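Notes follow the structure.
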Amino acid sequence: MVSYRKRGNAWQYEISYKDHNGQYKKLRKSGFLLKSEAILAASKIQTEHPNLTTVKSGSESLVSYYQRWISVYKKHAVTPITYNKYENTAQHAIELFGNLKLKDLTKLLYQERLNKFAETHARRTVSCFHKQLRACILEALDEKIITTDPTRKAVITGHERPKIAKTLNYADWAKLLANLDTSQIGEMIIYLAAVTGMRYGEIVGLTPNDIDLDQHIISVNKAWDYKYKTGFMKTKTPSSIREITIDSVTVRQLKNFESGRSLSANQPIFMNTKNHILVSAEINKLLTDKLTTLGIPRITFHGLRHTHASILLYKGVSVLSVSRRLGHSNITTTQSTYLHIIKELESQDQDKIISILENTSK
């Protein structure tokens, strides 16, 4: 029910409604010079918010609504690592939007705050932040807490990361291996990545039980959560569980590394005496410093995995064997990842085929 009355020189509307608990509430707004203006405003409110409880919801802050949204929709539906990313978005939102109410969020304001975030973050990070926040805002739109989408046609910007090489060539790869001090935890980790193609989490998740030096085999059956420090976790995919054959030089390096270290059978071999395992930023810095010292083009730690696979392919190892060694879910993944190498090798094979046929016909 709607009623109108004049208070001083201004008109006010008052709408009575029941909340979610069945309790009667009143929604008032004044300051209209004409009664017709008050009638029009009340009509607009009733049209946009049929149950009227959403009008009050619009006074909730964007951050508060987002935090409730991820708790209800994401907490038990995604992995702890993914949920942590949603929580990180909440922290950024607090810095950017503060106590801004949902109803006060406009397209211009949203774009301004997004641009501010982009000043200090990579484009990919900005895109992820926008994607998570927008999903929540669209939920508010569905609930009719807001009537328009302030994130519509938002422009994503951000710093472009400097381009770096994805792989090392064979000579630089061999040079790196020859100059690593494998008695040091960080450099032994780099060495293993270069000669096995293992992911970082897989390497730092290795325990003495996972390494059979007599059989020259490393068993990958778990990973270590080096980012959020929750301990052992499942491998990236079921196919990541595999056995990797290693050469005699690597066996010797591992023997020397393990000698003098007192480790329990299920303790990560790359955990230091302070129970710390290097995080990705630390290992990447160590690798960058090493490559710079040696005059080798910079690559990321993950680039060691790509380097290992590329070298094996160039040396004639089958795509199937490389795929299994890397722990890819299927050979298609390997083919798509290293398509440029496979095409180059295919071109070389065509030359070999022609050479064979020409020699046969002589």
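We did not get these values from a lab; they are worked out from the coordinates using the rules stated. Keep in mind that this is a model prediction, so the values were computed, not measured. Every residue, glycine as well, gets a Cβ built from its backbone with ideal geometry; the counts of neighbours run over all protein chains shown.
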Given the candidates PHE232, ILE15, MET271, the one whose Cα lies deepest towards the positive end of the charge dipole of the chain, counting +1 at each Lys or Arg C-beta and -1 at each Asp or Glu C-beta, is ILE15
Give me, ordered by chain and number, the residues 5 or more places off LYS25 or on other chains with an amide H under 5 Å from its own placed amide H. TYR17, LYS18, ASP19
Any idea what the dipole of the range 267-351 comes to, in debye rounded to 20, about its Cα centre with Lys/Arg Cβ at +1 and Asp/Glu Cβ at -1? 400 debye
Give me CYS136, CYS128 ranked fewest to most by other Cβ atoms within 10 Å of their Cβ, as a rough exposure proxy. CYS128, CYS136
To the nearest 20 debye, what is the magnitude of the charge dipole of the range 62-142 about its Cα centre, counting +1 on the Cβ of each Lys and Arg and -1 on the Cβ of each Asp and Glu? 160 debye
Quick query: amide H of MET233 versus all other amide H atoms, modeled in the peptide plane; which residues come in under 5 Å with a sequence gap of 5 or more or a different chain? ALA223, TRP224, ASP225
Where the only charges are on Cβ atoms (+1 Lys, Arg; -1 Asp, Glu), what is the dipole of the chain about its Cα centre, to the nearest 20 debye? 1820 debye
Rounded to 10°, Cα long-axis angle of helix 123-142 versus longest principal axis of the chain: 40 degrees
Around ILE299, which amide H atoms from residues at least 5 apart in sequence, or from another chain, sit under 5 Å from its own amide H, with H modelled in the peptide plane? none
Would you mind calculating the relative contact order of the chain from Cα pairs under 8 angstrom and at least 6 residues apart, reporting the percent as a whole number? 12 percent
Be a star and scan the range 101-115 for residues whose amide nitrogen sits under 15 Å from the point 7 Å along the Cα-to-Cβ vector of THR148. 103-112
Would you list which lysines come within 22 Å of LYS236, measuring only between C-alpha atoms, while excluding same-chain residues fewer than 8 positions from it? LYS74, LYS75, LYS85, LYS166, LYS222, LYS227
Under a cut-off of 18 Å between alpha-carbon atoms, report the lysines in cross-link reach of LYS144, not counting same-chain residues fewer than 8 places apart. LYS18, LYS44, LYS56, LYS101, LYS103, LYS107
So what is the relative contact order of the range 194-289, in percent, for Cα pairs below 8 Å that sit 6 or more residues apart? 33 percent
Sorted by Cβ neighbour density within 10 Å, fewest at the top, the residues LEU105, LEU286: LEU286, LEU105
Computed label-point distance, nm, for sites GLU358 and TYR228 using a 7 Å Cα→Cβ extension: 6.0 nm
Which percentage, to the nearest 5, of the DSSP beta bridges contained in the chain is antiparallel? 95 percent
